[in-house]
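Structure first, then comments.
Derivation of every value follows stated rules applied to the coordinates shown; laboratory data play no part. As the structure is a prediction and not an experimental result, all values here were calculated from the model. As a convention, Cβ positions derive from the backbone with ideal geometry for all residues, glycine included, and neighbour counts pool all protein chains shown.
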């Protein structure tokens, strides 16, 4: 692994050396992004400074198709710094700067909202298959032993102007499965499909969940997974209002849609599922497709990184910081500035 880090560092230095005539970077005329930047690092918070010399930064990693890149380790990252006497950013070795990615439960919460279409067509034709698939989905997302950083709520819609709560947000796998198993054909009083209303209300629900965590100073994100077997039939809300709700959702909210059968409106579900649209040709495929979505949602939950390191810089109010991430042959970067005024030795992580 040390050899791998050294190779990354040498490759990065080659990039830096070949880039000293580029003048479009905020670090001056001696650094530019690698020629191939398939990964995208999106800043969510920081850099945050903690004396004596700790720098913390919270970001998300996605690939060139905006898919989440999860489960990266410390060895997947290379740190560069640019102090007052450095003409170019320099690679900071693990011997100069301790670094770690904190456990998710310490700094981050991920909530999944499973939104199920329980309109007349589902209840009369495919209820058991939907329940089996939903059970498989929650089993892959929520650990059997409660994890405070992972939670899920289950909601459903029919033709009414309501997003019904089947199970409030919880980290209890048992409660979620019991709620699913308790669904029967008599649960709905309106056979129509208020798809657009469900989208609008799910967006509001996600916003309220984020607000609670923000008030508690806990960084959080939410994934909405919406299943339907048909189009909006209730006509309670304009299509564009639902589209706008998704488009205006904060970056901490991810939208996934799953449609089954040949009566769905594919362009609708593609637009609503801005982070992923999945399609099952028949209800018999539902469980497998729900498992595919669970893999994506798990990757999403683990694509947020709280990265901390001990800076060797001891002075300067406008020092440069670059974090490069590597996933196989793919590379991406994030560049920021930080104030090292008052930095001393003795940093602990």
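The table for this structure:
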quantity: Interatomic Cα distance distribution for the stretch 106-301, bins of 10 angstrom, percent; calculated: 9, 40, 39, 11, 1
quantity: Rounded to 10°, Cα long-axis angle of helix 286-301 versus longest principal axis of the chain; calculated: 30 degrees
quantity: nm² value of the averaged projected area, convex hull over the Cα atoms of the stretch 66-209; calculated: 12.6 nm²
quantity: Inter-label distance for residue 186 and residue 140, nm, one decimal - labels placed 7 Å from Cα along Cα-to-Cβ; calculated: 3.4 nm
quantity: Principal semi-axes in Å for the stretch 222-349 [√(5λ), Cα gyration tensor, largest first]; calculated: 44, 18, 11
quantity: Burial ranking of peptide ranges 308-316, 93-101 (average Cβ count within 10 Å, highest at the top); calculated: 308-316, 93-101
quantity: Gyration tensor (alpha-carbon) shape descriptor, the stretch 214-280, a/c threshold 1.5; calculated: prolate
quantity: GNM flexibility winner over the chain from 332, 276, 46 (Cα, springs under 10 Å); calculated: 46
quantity: Normalised contact order of the chain, rounded percent, pairs of Cα under 8 Å and 6 or more residues apart; calculated: 26 percent
quantity: Relative contact order of the stretch 106-301, pairs being alpha-carbon contacts under 8 Å that are 6 or more residues apart, as %; calculated: 26 percent
quantity: Equivalent ellipsoid, the stretch 46-130 (semi-axes from 5 times Cα gyration tensor eigenvalues, Å); calculated: 45, 15, 12
quantity: P(r) histogram, all alpha-carbon pairs of the chain included - 20 Å bins from 0, percent; calculated: 28, 47, 23, 2
quantity: Surface/4 of the Cα convex hull for the stretch 255-299, nm²; calculated: 2.8 nm²
quantity: Helix 127-141 vs. the chain, principal-axis angle (Cα, 0 to 90°, nearest 10); calculated: 20 degrees
quantity: For the stretch 274-349 versus the stretch 116-186, the gap between their alpha-carbon centres in whole angstrom; calculated: 29 Å
quantity: Tilt relative to the chain, helix 195-215 - C-alpha long axis, 0 to 90 degrees, to 10; calculated: 40 degrees
